[in-house]
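Colleague: First the structure, then my questions, so here it is.
The values are calculated or read from the model by the stated rules, or taken from the named source; none is laboratory data. Keep in mind it's a predicted model, so treat the numbers as computed, not measured. Note: ideal-geometry Cβ built from the backbone for every residue, glycine included; neighbour counts use all protein chains shown. These accessible areas exclude ligands, DNA and RNA; they are computed on the full protein's heavy atoms, side chains included. Shrake-Rupley method; radii C 1.70, N 1.55, O 1.52, S 1.80 Å.
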Amino acid sequence: MFPRVNIKLDALTQNASILRNYLEEKGISTVAVTKVFGADRQLVEAYHKGGITQFADARIENLRRIDQEYGTRMLLRIPMLSEVPDVVRYSDSSLQSELIMIEAIDQEAGRQGVRHQIILMVDLGDLREGIFYEKDLYDIAARIVQLENLDWIGLGTNLTCYGGVLPTDENLNRLADLAEGLRGRFGIELPVLSGGNSSSLYVTERTKNPRWNQLRIGEALALGTEAAFGERFIGLNTDAFTLEAEIIERKIKPSVPIGQVEKNAFGESPVFLDRGDRVRLIVAVGRQDVDADDLVPEDPCLEILGASSDHMILDAGDCIESGFQVGDTIRFSMNYRAVLRAFTSAYVSRNYI
Ligand SMILES: *Cc1c(COP(=O)(O)O)cnc(C)c1O
């Protein structure tokens, strides 16, 4: 069934093993983030084979898919009040930033007769989730230490997500300093310092003795790239995912539309370069599945011209020799967004290799 994502499970297992060992040597534990592939069971298993025993996802629906025998489950997105019972039921730990939520989780854990771990999020400047002012941090801390069903295990932060603020030694050390202050004031351990996502890898590489001891890693494990500069990280595999779609038309046509050009189906005004008559292909994949901008054809002589909901048009004018035919398939490399979209589309199947 096409379109499909081809998934090299061995490449994912290898990434898990390489990155986990690399971080472990620096005293950092790896929490594998599964949201980019919707916590697909086979991919979770591939990570587990590579030594991963801590998993995290932004959605409860995905966490439910992660078998407890593979490891612990962390909820990444600060929860909704409306999902508190499921947070306690389906995750072992969660990231938190609001006292009202933390109190609700505490009560629910009591009701279910379980303990729940929380990591309190600190906003170091990226301006997404987390407590920004130190005074607020101490106020909320004073309340959390009184709660009976929660284990407050540490502080966490998230950078480069909304504001694009880069993690540095400086801002991550502030997390460690804040934890020191809280330990002193409240006599608590706060053993976990969760220093961010794949964008924190480059600082971790440059820092001799990092003071953060946990990273929550999605992109680097799946795509092989760190997320601050998009560079390949310590030789990780970058080709675990490819998208494959089938050719449904191959014709020679002019390269500029005939007639008065107005806005397309998405309200955009396309621009055309006149290159005369060209070989053009239509493949059966569209914006319902993935954005064309997030794909690169593996065959260098193909060029994506554009896509509508269900059709992608390619220029194959330089590939006349390679003779693409209707029924052949074309493979594309995928970026993070493409993988996320493809695993969310009900129309893209999965081919595990
Ligand atoms: C998505 C997410 C991550 C993982 O980010 P990557 O850049 O894919 O490593 C980590 N923490 C939180 C809170 C997230 O939402």
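Colleague: Return a yes/no flag: does region 186-200 have any residue that is out of contact with any Leu (no Cβ under 7 Å at 6 or more places or on another chain), in a helix (DSSP H, G or I) and closer than 20 Å to residue 36 by Cβ.
Modeller: Yes, region 186-200 contains a residue that is out of contact with any Leu (no Cβ under 7 Å at 6 or more places or on another chain), in a helix (DSSP H, G or I) and closer than 20 Å to residue 36 by Cβ.
Colleague: For region 78-97, which residues satisfy the criterion of being within 15 Å of the ligand (Cβ to nearest atom) and surrounded by fewer than 16 Cβ atoms within 10 Å (Cβ to Cβ)? Walk me through it before giving the result.
Modeller: Within region 78-97, the subset within 15 Å of the ligand (Cβ to nearest atom) is 78-80, 87, 91, 93-97.
Correct list: 80 only.
Colleague: Across region 269-292, which residue is most open to solvent (accessible area, probe 1.4 Å) among those that are in contact with a Gly (Cβ under 9 Å, 6 or more places away or on another chain) and assigned to a loop (DSSP other than H, G, I, E, B)?
Modeller: Of the residues in region 269-292, the ones in contact with a Gly (Cβ under 9 Å, 6 or more places away or on another chain) are 270, 275-280, 292.
From what's left, assigned to a loop (DSSP other than H, G, I, E, B): 270, 275-276.
Working: 270: 52, 275: 89, 276: 31 Å².
The extreme case among them is 275.
Colleague: Got at least one residue in region 118-136 being under 26 Å from residue 341 (Cα atoms) and open to solvent by 30 Å² or more (accessible area, probe 1.4 Å)? Quick ask: steps written out before the conclusion?
Modeller: Taking region 118-136 as the starting set, the residues that turn out to be under 26 Å from residue 341 (Cα atoms) are 126-129.
Subsequent filtering for residues that are open to solvent by 30 Å² or more (accessible area, probe 1.4 Å) retains 127-128.
The answer is yes, given that some residue of region 118-136 is under 26 Å from residue 341 (Cα atoms) and open to solvent by 30 Å² or more (accessible area, probe 1.4 Å).
Colleague: Same structure, new question: Considering only region 127-169, state which residues are under 22 Å from residue 29 (Cβ atoms) and assigned to a loop (DSSP other than H, G, I, E, B).
Modeller: Correct list: 129, 130, 157, 158, 159, 160, 161, 167, 168.
Colleague: What pairs come out if I take residues in region 331-352 that are assigned to a strand (DSSP E or B) and of a type in the set (D, E, K, R) and pair them with residues that are open to solvent by less than 40 Å² (accessible area, probe 1.4 Å) and within 13 Å of the ligand (Cβ to nearest atom) whose C-beta lies under 9 Å away, six or more apart or interchain?
Modeller: Pairs found: 350/37.
Colleague: Same structure, new question: Is there any pair linking a residue in region 205-221 that is within 11 Å of the ligand (Cβ to nearest atom) to one that is part of a loop (DSSP other than H, G, I, E, B) and open to solvent by 10 Å² or more (accessible area, probe 1.4 Å), with Cβ under 6 Å and at least six apart or on different chains, and which?
Modeller: From residues that are within 11 Å of the ligand (Cβ to nearest atom), the pairs are 216/197; 219/227.
Colleague: What's the number of the condition residue 246 fails, among (1) open to solvent by 50 Å² or more (accessible area, probe 1.4 Å); (2) in a loop (DSSP other than H, G, I, E, B); (3) modelled with pLDDT of 95 or more?
Modeller: (2)
Colleague: Which one is nearest to the ligand (Cβ to nearest atom), of the residues in region 61-77 that are over 19 Å from residue 159 (Cα atoms) and open to solvent by less than 10 Å² (accessible area, probe 1.4 Å)? Even if it seems obvious, please write down each step before you answer.
Modeller: Taking region 61-77 and keeping what is over 19 Å from residue 159 (Cα atoms), we get 61-73.
Now restrict to residues that are open to solvent by less than 10 Å² (accessible area, probe 1.4 Å): 63, 66.
Numbers: 63: 13, 66: 15 Å.
Ranking the candidates gives 63 first.
Colleague: Considering only region 210-223, state which residues are within 12 Å of the chain's Cα centre (by Cα), not hydrophobic (A, V, I, L, M, F, W, C) and not in a helix (DSSP H, G or I). Break it down stepwise before answering.
Modeller: To start, the set of residues in region 210-223 that are within 12 Å of the chain's Cα centre (by Cα) comprises 216-223.
Filter once more, so that each one left must be not hydrophobic (A, V, I, L, M, F, W, C): 216, 218-219.
Residues satisfying the conditions are 216, 218.
Colleague: Being among the charged types (D, E, K, R), farther than 18 Å from residue 226 by Cβ and open to solvent by 20 Å² or more (accessible area, probe 1.4 Å) is the requirement here; does residue 20 meet it?
Modeller: Numbers: among the charged types (D, E, K, R): yes; farther than 18 Å from residue 226 by Cβ: no; open to solvent by 20 Å² or more (accessible area, probe 1.4 Å): yes.
Criteria not met by residue 20.
Colleague: Further question on the same structure: So which of 8, 35 ends up being touching a Lys or Arg at 6+ places or on another chain (Cβ under 8 Å) and open to solvent by 70 Å² or more (accessible area, probe 1.4 Å)? Break it down into steps so the answer makes sense when it comes.
Modeller: Details: 8 fails: touching a Lys or Arg at 6+ places or on another chain (Cβ under 8 Å).
Step by step, each of 8, 35 is checked, and only 35 is touching a Lys or Arg at 6+ places or on another chain (Cβ under 8 Å) and open to solvent by 70 Å² or more (accessible area, probe 1.4 Å).
Colleague: Sticking with this one: Quick one: is residue 227 outside any strand (DSSP E or B), hydrophobic (A, V, I, L, M, F, W, C) and either under 25 Å from the mean Cα position of the chain (by Cα) or closer than 19 Å to residue 324 by Cβ (or both)? Outline the logic, then answer.
Modeller: On the way: outside any strand (DSSP E or B): yes; hydrophobic (A, V, I, L, M, F, W, C): yes; either under 25 Å from the mean Cα position of the chain (by Cα) or closer than 19 Å to residue 324 by Cβ (or both): yes.
Against the criterion (outside any strand (DSSP E or B), hydrophobic (A, V, I, L, M, F, W, C) and either under 25 Å from the mean Cα position of the chain (by Cα) or closer than 19 Å to residue 324 by Cβ (or both)), residue 227 qualifies.
Colleague: Kindly provide the set of residues from region 150-176 that are within 13 Å of the ligand (Cβ to nearest atom), among the polar types (S, T, N, Q) and at negative phi, ordered by number.
Modeller: 157, 158, listed by residue number.
Colleague: So in region 303-353, with the set limited to residues that are more than 27 Å from the chain's Cα centre (by Cα) and hydroxyl-bearing (Ser, Thr, Tyr), which one is surrounded by the fewest Cβ atoms within 10 Å (Cβ to Cβ)?
Modeller: 322
Colleague: Right, next: Somewhere in region 153-166, is a residue modelled with pLDDT of 95 or more, over 24 Å from residue 224 (Cβ atoms), surrounded by fewer than 22 Cβ atoms within 10 Å (Cβ to Cβ) and not hydrophobic (A, V, I, L, M, F, W, C)?
Modeller: no
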